[in-house]
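The block underneath contains the structure these notes are about, expressed in structure tokens.
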There are 2 protein chains.
Amino acid sequence: MRTYLECIPCFMQQAFRAAKVATDDDEKIKEVLNSIGEMVRSISLDNTPPETGNIVYQKIREITGNNDPYQKIKKDNIDEALSLYPELKELIEKSDDRLLTAIRIAIAGNVIDLGVNKNFNIVDDLKKILKQDFAFCDYEEFKNQLSKAKSILYLGDNAGESVFDKLLIEELGKPVTYVVREIPVINDCVIADAVASGIDEVAEIISSGSTAPATILNLCNLEFIDRFEDADLVISKGQGNFEGLSQVNRSVFFMLKAKCPVIARNLNVKENDIVLKSINLY
Amino acid sequence: MRTYLECIPCFMQQAFRAAKVATDDDEKIKEVLNSIGEMVRSISLDNTPPETGNIVYQKIREITGNNDPYQKIKKDNIDEALSLYPELKELIEKSDDRLLTAIRIAIAGNVIDLGVNKNFNIVDDLKKILKQDFAFCDYEEFKNQLSKAKSILYLGDNAGESVFDKLLIEELGKPVTYVVREIPVINDCVIADAVASGIDEVAEIISSGSTAPATILNLCNLEFIDRFEDADLVISKGQGNFEGLSQVNRSVFFMLKAKCPVIARNLNVKENDIVLKSINLY
């Protein structure tokens, strides 16, 4: 997905929010805003938003000297999600369509996104999403590809959401590789977060090599790119991964909640709609 | 009021929104964002936010070549407010405390603020504010000063809100001078808007000389400054005027709805609280 003009004030908002989490020093926060301001002219609208995000969050790390501002928040979100795990497992076990319920739960987990949301309530959002109609639901096609797949590449998004991903992985019934970011960026999942979420019990965990809050192929390592090209089935969680991969030349199943107006418009859905969408069906 | 760090991303948001109203040309909108971005380093946190706003909106005029992007929107807002006038007049006539009801209505009109709000519904807001408790209500002091005042200086804010101001002016029972901006800036009231709102029937109308979306004394003309210093009673509507005047050395009655988190915090109230507050009681 390309960058839209309204993404630019949003980069500034995100930078401010992330800088405030990273430091209490107002001078450093101002310097972050100065730097991002000076960067605006060089932002290409042809790039994907997370390519710019990559530079924004790198600047925040450099200026504040804090490489993992969301560490504590990520731990808290994982702990909260883990506390909900038994209840959600039971919900899946009691449901008429276990797989679809697990997909809904995995999408609900996507609300734990500190790039977009300032505040969220995971329990409230879960209740809503379990009853909400999908704006797109390529579920039949998903089941069809799943039945034929020997292995699955599952692109994770946020720490905490990863616990909800575990519940879906347990329903897929195929070997899964779970993909995380190379370094901490916002509250995105890295290897340690995936392990803390119990993903290591149900999947192989690898890094994509991306330092951006998204899977952007030209920022990924070669091992990941091989895996991505060869995978029978790719599941992509969240907005960042969608922004990075919406135009790739392979079939990808995107699972997300459209939390920002630009992505909602790009997908031709309404804000807060939930989506299971296959782009590039071959 | 000084500028806070979180005002900076907000300037960028405001610039984007105003540039979009001013032009359909994406390259010009991008150039506005580039320019405001490059300006961030020079923003002094010691200045009031509308002093920066003054430069932001000047840049938008220069780059887009549109000196009055909100002209049509202002006319529509004035027309909508005028259509509500008879009903509101009746409400005042039937109320136990005509003056306080008129103050509430004048504050409700302050929701017509296109610097802060993307969307508003004036009828819904009116209904809420007519019942809402004041976070600060220096009403006794206001009545006391009003009874002694020979004349009143009334600092207007937005076009459309001006119709609601007329209703309050009619209850004041003293000669009123209504003050507007020198040139169109966002949807703020200029002389023509005040006349279209019928203010000329109830008050003298003057310009403060300010080109900013606020009354900032060092941007005002000398005639206004004399009037401001000499006035028996000054009523200041809205956030912009509060930001510009909250630290002046004279008594001013601020009437506003706290629509932004920074102003709410500065006033020690909650967002969306309504306020009749005298600052600098002498």
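Just so you know, all these numbers are worked out from the coordinates, no wet-lab data involved. This one's a predicted model, so the numbers in the text were calculated from it and none came from an experiment. Glycine gets a Cβ as well: all are built from the backbone with ideal geometry, and neighbour counts include every protein chain shown.
At 7 angstrom along the Cα-to-beta-carbon line, where would the label on residue B:268 sit relative to the other copies? Give the distances in nm, shortest first.
For residue B:268, the other copies' label points sit at 5.5 nm, shortest first.
To the nearest Å, what is the center-to-center distance of segment B:196-210 and segment A:127-164, using C-alpha atoms only?
Cα centroid to Cα centroid, the span is 61 Å.
Can you give the percent of C-alpha pairs in the protein assembly as shown whose distance is more than 47 Å?
Working: 39596 of 158766 pairs.
Roughly 25 percent, once rounded to a whole number.
Give me A:21, A:56 ranked fewest to most by other Cβ atoms within 10 Å of their Cβ, as a rough exposure proxy. Could you put the intermediate results ahead of the total?
Working: A:21 17, A:56 25.
So the ranking, lowest neighbour count to highest, is A:21, A:56.
In chain B, if the dipole is taken from +1 on Lys/Arg beta carbons and -1 on Asp/Glu beta carbons about the Cα centre, which of B:242, B:7, B:255 is farthest to the positive end?
The one lying farthest along the dipole's positive direction is B:7.
Give the residue list of chymotrypsin sites (Phe, Trp or Tyr not before Pro) in segment B:38-142 that are DSSP loop and have at most 10 other beta-carbon atoms within 10 angstrom.
Values: sites: B:57, B:70, B:120, B:134, B:136, B:139, B:142; in loops: B:70, B:120.
Taking segment B:38-142 and a limit of 10 other Cβ atoms within 10 Å, no loop chymotrypsin sites (Phe, Trp or Tyr not before Pro) are found.
Provide the percentage of antiparallel DSSP beta bridges, counting only those with both residues in the protein assembly as shown; round to the nearest 5.
Values: 14 of 50 bridges.
Of all bridge pairs located within the protein assembly as shown, approximately 30 percent are antiparallel.
Could you give, in nm with one decimal, how far residue A:132 is from each other copy of that position, shortest first, with labels 7 Å out from Cα toward Cβ?
In nanometres, ordered from closest: 2.8.
Given a Förster distance of 25 angstrom, what is the FRET efficiency for residue B:4 paired with residue B:151, based on the Cβ-Cβ distance and rounded to 0.05?
On the way: r = 35 Å, r/R0 = 1.42.
After rounding to 0.05, the efficiency reads 0.10.
Take every DSSP beta bridge whose two residues both sit in chain A, then give the antiparallel share in percent to the nearest 5.
Numbers: 7 of 25 bridges.
Counting only bridges with both partners in chain A, antiparallel ones make up about 30 percent.
Per the Kirkwood formula on distinct C-alpha pairs, the Rh of chain A is how many angstrom? Mind showing how you got there, number by number?
Numbers: mean 1/r = 0.0531 Å⁻¹.
Here the Kirkwood hydrodynamic radius works out to 18.8 Å.
If I build a Gaussian network model for chain B, linking alpha-carbon pairs within less than 10 angstrom, which residue out of B:49, B:69, B:261 has the largest mean-square fluctuation?
In the Gaussian network model the winner is B:261.
For the pair residue A:131/residue B:82, report the inter-label distance in nm, with labels modelled 7 Å from Cα in the Cβ direction.
Result for the modelled spin labels: 4.6 nm.
Rounded to the nearest 500, what is the 222 nm mean residue ellipticity of chain A from helices alone, with -39500 (n - 2.57) per DSSP H run of 4+ residues and division by all residues? Can you show the working numbers first?
Numbers: 12 runs with 144 residues, N = 282.
It comes out at -16000 deg cm²/dmol, rounded to the nearest 500.
Just to check, using Stokes-Einstein with a Kirkwood Rh over alpha carbon pairs, what's the diffusion coefficient of segment A:7-64 at 4 °C and 1.567 mPa s in µm²/s? Please list the in-between numbers first.
Numbers: Rh = 11.2 Å.
Roughly 116 µm²/s, to the nearest whole number.
Can you list, shortest first and in nm, the gaps between the label point of residue A:46 and those of its counterparts in the other copies, using a point 7 Å from Cα in the C-beta direction?
Label point to label point, same position, other copies: 4.5 nm.
Provide the FRET efficiency to the nearest 0.05 for the residue B:68-residue A:124 pair, computing r from the beta carbons and using R0 = 45 Å.
For R0 = 45 Å, the calculated efficiency reads 0.55.
Give me, ordered by chain and number, the residues 5 or more places off residue A:254 or on other chains with an amide H under 5 Å from its own placed amide H.
A:236, A:277, A:278, A:279
Any chance you could get the radius of gyration and Dmax over the Cα atoms of segment B:25-140, in Å?
Over segment B:25-140's Cα set, Rg and Dmax evaluate to 19.1, 56 Å.
Name the residue, out of B:215, B:64, B:177, whose mean-square fluctuation peaks in a Gaussian network model built on chain B with Cα pairs under 10 Å.
B:64
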